[in-house]
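Working notes for the structure below.
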Amino acid sequence: MTNAPNVPNASLRLERISSDNFDAAVAVRVRPDQEHAVSPVMKSLAEAYVHPRTAWPRLILDGERPVGFLMAFFDIAWDGTGADLRSGLWRLNIAAAEQGKGYGRFAVESVAAEIRRRGGTDLYVTWHPGPTGPEPFYLALGFTPTGETSGGQTVGVLKLT
């Protein structure tokens, strides 16, 4: 895995969640003003447990230090029929003290690389609208709103081709 461009001398990597790093993963907390916009890691891990074929939870490490958590999804039937299969970023939790250091960008780039590896060409994400939501972050990375909403959240897509 390559280092994120905004994090000099970093040893960034994703690690599968295991019994060895479970406590570190669930300890990742976003800023209090962001808690309404993203579920806690514990809920994400519970969802990954009940959706093992589509969920891809990973701890984001800088060296040995946990700095965030992501969960991607692969080939979900977006429309419920299977005619519109999508892959993307389901959750992104960057620890409060670690935000603004390039870890979020690294996470998105890592999910994009995995989608490409699996033959995908689009990375989808949803975000909570509003002044404390992550819309500026996603737009700066090149995501464009699709015009759809999902659960009251904006749906965005990043073309990977």
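The values are calculated or read from the model by the stated rules, or taken from the named source; none is laboratory data. In this text, all values refer to a predicted model and were calculated from it rather than measured experimentally. When we count neighbours, we look across all protein chains shown, and the Cβ atoms used for this are built from the backbone with ideal geometry, even at glycine. Areas reflect the complete protein model, heavy atoms only, side chains present, ligands, DNA and RNA absent. Shrake-Rupley method; radii C 1.70, N 1.55, O 1.52, S 1.80 Å.
Out of all the residues in segment 97-106, which are touching a residue at least 60 places away in the same chain (Cβ under 8 Å) and either open to solvent by less than 40 Å² (accessible area, probe 1.4 Å) or in a loop (DSSP other than H, G, I, E, B) (or both)?
Going through segment 97-106, the residues touching a residue at least 60 places away in the same chain (Cβ under 8 Å) turn out to be 99, 101-103, 105-106.
If the condition is that a residue be touching a residue at least 60 places away in the same chain (Cβ under 8 Å) and either open to solvent by less than 40 Å² (accessible area, probe 1.4 Å) or in a loop (DSSP other than H, G, I, E, B) (or both), then Q99, K101, G102, Y103, F106 are the ones that fit.
Taking the criterion of being without any contact (Cβ under 8 Å) to a residue 40 or more places away in the chain, within 22 Å of Q34 (Cβ to Cβ) and hydrophobic (A, V, I, L, M, F, W, C), would at least one residue in segment 110-119 satisfy it?
Checked segment 110-119: no residue is without any contact (Cβ under 8 Å) to a residue 40 or more places away in the chain, within 22 Å of Q34 (Cβ to Cβ) and hydrophobic (A, V, I, L, M, F, W, C).
For segment 115-124, give me each residue that is surrounded by fewer than 17 Cβ atoms within 10 Å (Cβ to Cβ) and not basic (K, R).
Step one: list which residues in segment 115-124 are surrounded by fewer than 17 Cβ atoms within 10 Å (Cβ to Cβ), which gives 116-119, 121-122.
Result: G119, T121, D122.
For the subset of segment 81-94 comprising residues that are of a type in the set (G, A, S) and open to solvent by 20 Å² or more (accessible area, probe 1.4 Å), which member is farthest from A46 (Cα to Cα)?
A83
Given the criterion of a type in the set (F, W, Y) and open to solvent by 30 Å² or more (accessible area, probe 1.4 Å), identify the matching residue among W78, W127. Walk me through how you get there before you give the answer.
On the way: W127 fails: open to solvent by 30 Å² or more (accessible area, probe 1.4 Å).
Of W78, W127, the one residue that is of a type in the set (F, W, Y) and open to solvent by 30 Å² or more (accessible area, probe 1.4 Å) is W78.
Here's a check for you: in segment 71-96, which residue that is in a strand (DSSP E or B) and of a type in the set (D, E, K, R) is nearest to S39 (Cα to Cα)? Give the steps one after another, and end with the answer.
So the first thing to find is which residues in segment 71-96 are in a strand (DSSP E or B), and the list is 71-77, 85-94.
Right, trim to of a type in the set (D, E, K, R) and you get 75, 86, 91.
Numbers: D75: 21, R86: 21, R91: 8 Å.
So, considering only residues that are in a strand (DSSP E or B) and of a type in the set (D, E, K, R), the one nearest to S39 (Cα to Cα) is R91.
Of all residues in segment 136-152, count the ones that are under 10 Å from V108 (Cβ atoms) and open to solvent by 60 Å² or more (accessible area, probe 1.4 Å).
Counting residues in segment 136-152 that are under 10 Å from V108 (Cβ atoms) and open to solvent by 60 Å² or more (accessible area, probe 1.4 Å) gives 1.
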